[in-house]
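Visitor: Please see the structure below; I have some questions.
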Amino acid sequence: MRRSVFIKTFGCQMNAVDSARMVSLLSAAEYRPADTLEEADLVLLNTCSIREKADQKIYSDLGTLRRWKQRRPGRLVGVGGCLAQQDGETLRKRAPHVDIVFGTHNIARLPEMVRRAERRQPSTALGMEEGIAHWDVFPHLAPGSVSAMVAIMQGCDNFCAYCVVPLVRGREVSRPAEDILAEVRTLADRGVREVVLLGQNVNSYGKKEGEIPFPVLLRRISGIEGISRIRFITSHPRDLDERTIGLFAEVATLCPHVHLPLQSGSDRILSAMGRGYTRGEYLAKIDALRKARPGISFSSDFIVGFPGETGDDFRETLDVMEEIRYDSSFSFRFSPRPGTRASEMKEQVDPQEAAARLHRLQDVQATHTRGRLRAQVGREVEVLAEGTSSRDPGMLCGRAACNKTVNFTSVGAGGPIRSVLVTGAGTHSLVGEERQARA
Ligand code: SAH
Ligand code: SF4
Ligand code: F3S
């Protein structure tokens, strides 16, 4: 009988794509995806260690999985991803019932490790020297998918003072452009209309390897038949160059939305973070993007309470937010991570003060988000329909080109891209009615 695997994914899109590769690898090893944890024979946690909270959640899940494992003999538990990479053998000590521990570069070894675990031989693979063999594995694509993420690189060389990514994902490595283009062509053949290119710093794609530059990669992808939308995350504000900005004026399939994490609006804090840009340089790039594509949307990430952040520094962040009016943002209280420079910095901000700042920032963002959503009411937008709406099964749900979620009533069977008249705005999404079916 075929066994089944349940994968629980934490963290960012990079982990989501890795999990999709694990599904492909394991299905070749006779494990089908399980719908629920209870039915599964193997559980894999694909972990994140970006903030302390993520760590705590995973260790608490591992406690639950100890009992899950005891309920049926032969059940197996594996832990991969960034926390596995960071904690390694410590993880095994804290959770001895874990059968498989695999790092961010060792995913291709999973089938072999599972086979060993079936013979009651636990194993650990954390080496970062082996290259990234799993890039050749096509990530599992759910039937009917119209949007897909494509990893174009892994790791990061930036070493921002707060960030654990370079430590757990390793140095930056880019995939060969030909492999990326082949993957996108296959996706297009399978009905995918939108690709989201992934990397920790997509703007430095290929520089180390002497590959084609990122804007050239974008152009080549835009030439692939069937792909009607291209997005990318994450852009580093220092490395986003004029050529890429210029493409927003030239390539219609490049979506009018850029996620450009500011982190802080204070030059002093940006410098302490080692981000490599000033507030002025950041604003100049926002300006250039607006010139290239009028009406373009922006989103950001923020860290509040970075060591040494004063009330004045924080106000500068709020000032930039007022100036830009992001569609949305992810914001976090600074979390000291082992092995990073910022975790050793003196002047740690009082946690209550940091919590109050976070609250304030999120209030400001909520107001901006509502305003940006309301501004869409009465407009006609093109929505890539991804499935039925979770709030109303009679409606479809998808994203407008600017990345806003739209729930809408449909006029019948049409292609994946629908013209929708926006009739209302909620706190996070839009509501609308389809105008006419399109091919
Ligand atoms: N490569 C991306 C970000 C990856 S991590 C970039 O450079 O923008 C995603 C977000 O998590 C970061 O943008 C940052 O806002 C947040 N983050 C990273 N480390 C953190 C830490 N130690 N404490 C709080 N937030 C953190
Ligand atoms: Fe982390 Fe900075 Fe690299 Fe982003 S650019 S992954 S924040 S080190
Ligand atoms: Fe987390 Fe690793 Fe992504 S630390 S945010 S899963 S790169």
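The values are calculated or read from the model by the stated rules, or taken from the named source; none is laboratory data. Note that this is a predicted model, so its numbers are computed, not measured. We place every Cβ from the backbone using ideal geometry, glycine too, and count neighbours over all the protein chains shown. These area figures cover heavy atoms from the full protein model, side chains too; ligands, DNA and RNA do not enter into them. Shrake-Rupley method; radii C 1.70, N 1.55, O 1.52, S 1.80 Å.
Visitor: Looking at the chain only, what percent of DSSP beta bridges run antiparallel? Nearest 5 please. Intermediate results must be reported in sequence, preceding the final value.
Guide: Numbers: 21 of 66 bridges.
Within the chain, antiparallel bridges account for around 30 percent of the total.
Visitor: Over segment 132-180, what is the relative contact order in percent, taking alpha-carbon pairs closer than 8 angstrom and at least six residues apart? Can you show the working numbers first?
Guide: Values: 37 pairs, mean separation 16.1, N = 49.
Contact order relative to length: 33 percent.
Visitor: Given Cα pairs under 8 Å that are at least 6 residues apart, what percent is the relative contact order of the chain? Intermediate results must be reported in sequence, preceding the final value.
Guide: Working: 871 pairs, mean separation 42.8, N = 439.
For the chain, the relative contact order is 10 percent.
Visitor: Go through Gly276, Gln263, Leu126 and say which Cα lies farthest out towards the positive end of the charge dipole of the chain; charges sit on Cβ, +1 for Lys and Arg, -1 for Asp and Glu.
Guide: Leu126
Visitor: Using Cα-Cα distances under 8 Å and only pairs 6 or more residues apart, what relative contact order does segment 3-125 have, in percent? Show your work: numbers first, answer last.
Guide: On the way: 191 pairs, mean separation 29.5, N = 123.
Over segment 3-125, the number comes to 24 percent.
Visitor: Alpha carbon centre of segment 280-320 versus segment 60-75: separation in Å?
Guide: So the separation of the two Cα centres works out to 45 Å.
Visitor: Only four residue types carry charge here, +1 at the Cβ of Lys and Arg and -1 at the Cβ of Asp and Glu. Report the dipole size of segment 3-125 about the Cα centre in Debye, rounded to the nearest 20.
Guide: Working: 21 positive and 14 negative charges, 78 e Å.
The dipole of segment 3-125 has a size of about 380 debye.
Visitor: Let me ask another. Within the set Lys8/Lys346; Lys8/Lys285; Lys291/Lys346; Lys291/Lys404; Lys93/Lys404, which residue pairs have Cα atoms separated by over 32 Å? It would help to have the intermediate numbers written out before the result.
Guide: Values: Lys8/Lys346 36 Å; Lys8/Lys285 37 Å; Lys291/Lys346 42 Å; Lys291/Lys404 21 Å; Lys93/Lys404 44 Å.
As for pairs spanning more than 32 Å Cα to Cα, those are Lys8/Lys346; Lys8/Lys285; Lys291/Lys346; Lys93/Lys404.
Visitor: So, with a 1.4 angstrom probe, what is the percent of accessible area on the chain that is carbon and sulfur?
Guide: Details: 9680 of 19030 Å².
The C+S portion of the solvent-accessible surface of the chain is 51 percent.
Visitor: With θ set to phi - 60°, apply the Karplus curve 6.51 cos²θ - 1.76 cosθ + 1.60 along segment 59-74 and write out the HN-Hα couplings as whole Hz, x wherever there is a Gly or Pro.
Guide: Whole-Hz 3J(HN,Hα) from phi for segment 59-74: 5, 5, 4, 5, x, 4, 6, 5, 5, 4, 5, 5, 5, 9, x, x.
Visitor: Now for a separate question. Charges only on Cβ, +1 for Lys and Arg, -1 for Asp and Glu: so what's the dipole of the chain about the Cα centre, in debye to the nearest 20? Mind showing how you got there, number by number?
Guide: Values: 61 positive and 54 negative charges, 211 e Å.
The calculated dipole for the chain is roughly 1020 debye.
Visitor: Here's something else I'd like to know. What number comes out for accessible area per residue over the chain if the probe is 1.4 Å? Units Å², please.
Guide: Details: 19030 Å² over 439 residues.
Spelled out: the 1.4 Å probe surface of the chain, per residue, equals 43 Å².
Visitor: In whole angstrom, how far apart do the alpha carbon centroids of segment 192-213 and segment 372-426 sit?
Guide: Segment 192-213 and segment 372-426 have Cα centres separated by 29 Å.
Visitor: Pull up all non-local amide H partners of His257: gap of 5 or more, or a different chain, and H-to-H distance under 5 Å with H placed in the peptide plane.
Guide: Here the answer is Ser297, since their amide H atoms fall under 5 Å of that of His257.
Visitor: Calculated from DSSP H runs of 4 or more alone, at -39500 (n - 2.57) each and per residue, what is the 222 nm mean residue ellipticity of the chain, nearest 500?
Guide: -11000 deg cm²/dmol
Visitor: Round to the nearest 0.05 the FRET efficiency obtained for Lys346 and Glu89 when R0 = 30 Å and r is the Cβ-Cβ distance.
Guide: Numbers: r = 31 Å, r/R0 = 1.04.
The value I calculate is 0.45.
Visitor: So in the chain, which Cys have no other cysteine's beta-carbon sitting under 4.7 angstrom from theirs?
Guide: Cys12, Cys48, Cys82, Cys156, Cys255, Cys397, Cys402
Visitor: In debye, nearest 20: dipole of segment 380-438 around its Cα centre with unit charges on the Cβ of K, R (+) and D, E (-)?
Guide: Details: 6 positive and 6 negative charges, 16 e Å.
Computed about the Cα centre, the dipole is about 80 debye.
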